[in-house]
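A short write-up of the structure that comes next.
Computed from the coordinates by the stated procedures, all read-outs in this text should not be read as laboratory data. Since the structure is predicted, the reported quantities are computational estimates derived from the model, not experimental observations. Here the Cβ positions follow ideal geometry from the backbone for every residue, glycine too, while neighbour counts run over all protein chains shown.
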Amino acid sequence: MDFKIQMNELRALETELGVSVDVLMTTIQDALLHAYMRMPGAVRGARVELDQKTGGVTVWAPEVDEEDNVIGEFDDTPNDFGRIATTTAKSVIAQRLREAEADRVLGSFKHKKGEIVSGVVQRRAGRDADSRDLIVDVGEHEAILRAEEQVPTEHLHRGDHIRALVLDVAVTPRGASVRLSRTHPDFVRRLFELEVPEIGDGTVELVALSREPGHRSKVAVWSADPSVNPKGACIGHNGQRVRAVTQELGGEKIDIVDYDDDPAVFIAESLSPAQVVRVDILSKDHRQSRAVVPDGQASLAIGKEAQNVRLAAKLTGWSIDIRKESDMAAGNYPEAQAARAAGIIAEPHEAAAEIAEPAEGAEPAEVAVAAEETVVTEPVEPAEATEAVEAVEVAAAAGTLDTPATTEAPATTDAPATTETAEKPE
């Protein structure tokens, strides 16, 4: 049967995609041979010939003698091979179009990974009416903004103009895929780079960032130039710069704090807007700390649903135990509780009772000495300290021990996180 591949279409693709006709013809021949070999009666060792001038397709099968020696070729083109050839050619051309588009997209977006792009929401992705995944027109290509990469508190609609971070660029069987994100911490980082020239040119460094998308972010900044106020540069005149970032994030609150290489100072800064009396470093190895705050500032330091102290812990990389001044004065903190549980330090009410009931006939000076001996003891030895900790664990299990308001620092992972904790700038 006489049938042909439309060579003018292949030549048009050569001009449009920059793919040579020879490459396209070889690809089509390979695909046709594969289709032929799957047909009943196919001859092993056959080949497909595509005439470059006419576009004619012929299947040539080897002709063998009685001793299986190849003595020539014969035309074994199936009668219905025209339909197969047409379908195969269309499939190959479509695949090459997808690959060419993927190459073009990769060329345009690969270097934009981690950068911010602007786009317009086009439609929902997929056929599911409940899908929250969105297709966004970013100029030369369409990108996808998954539901999990959208800020929970915002609702985007068709025609909305948005900015987003290019999260990933990859090639899939369906072509190139560009994924966007508005929840990644780097989105906030890039927005500050755009709005704050001092960050863009390196005068101010954004050292660390923690974020709960749609609710609150904490940003720690630093500058090697003592004449520059890094926090002021990020806030801007009348708050103009930080307000621009907040508006892009749909009203997400942003706390800007000064970075300090002294952990105690940095932790105190990270608890902003709460005031902090002091920060005690409990363990450098385990990065454990305690922040003592005025009684009236405890709720602010902890935050609604512990959000403030949680973000502070993520920002600094330290676990933070929030304590009121009155609790510290009364000994309501783990070390004192451990010592009391082990009997090393008397309970406050026991000490008061002994002071109130001095021995009969004792002089005032003797009463004072007796009172001091009741409260003050020898330093805790290692063995006694271990017993004290065990006593605290028993008391905690029984529900009789005061539980500290402690927020653990997040574990470090290799995956992209919602938190970035940077090392001290060089």
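Worth pointing out:
- Thr26, Thr15 arranged by Cβ crowding within 10 Å, fewest neighbours leading: Thr15, Thr26
- Anchor Lys113: lysines whose Cα lies under 30 Å away (excluding residues fewer than 8 positions away in-chain): Lys218, Lys231, Lys253, Lys314, Lys424
- Global form of region 7-108, assessed from the alpha-carbon gyration tensor, a/c cut-off 1.5: prolate
- Backbone N atoms of region 152-169 closer than 13 Å to the 7 Å Cα→Cβ label point of Ile144 belong to residues 168-169.
- Label point 7 Å beyond Cα of Glu154 along Cβ direction - residues of region 186-224 with amide nitrogen under 19 Å: 186-196, 210-219
- Global geometry of region 119-172, whether rounded, prolate or oblate, following the gyration tensor of its Cα atoms and the 1.5 cut on a/c: rounded
- Footprinting exposure proxy ranking of Ile302, Ile71, fewest other C-beta atoms within 10 angstrom first, gives Ile71, Ile302.
- Val64 long-range amide H proximity, modeled H, under 5 Å: Ile71
- Residue-wise HN-Hα couplings along region 326-334, as the Karplus relation 6.51 cos²θ - 1.76 cosθ + 1.60 with θ = phi - 60° gives them from phi, are 5, 5, 5, 5, 8, x, 8, 8, x Hz; Gly and Pro carry x.
- Anisotropy class of region 187-328 from Cα gyration tensor, a/c 1.5 cut: prolate
- GluC sites (Glu not before Pro) restricted to region 58-98 and DSSP loop, no more than 10 other C-beta within 10 Å: Glu66, Glu67
- When each of Arg127, Arg158, Arg98 is scored by the number of other beta-carbon atoms lying within 10 Å, the sequence from fewest to most is Arg127, Arg158, Arg98.
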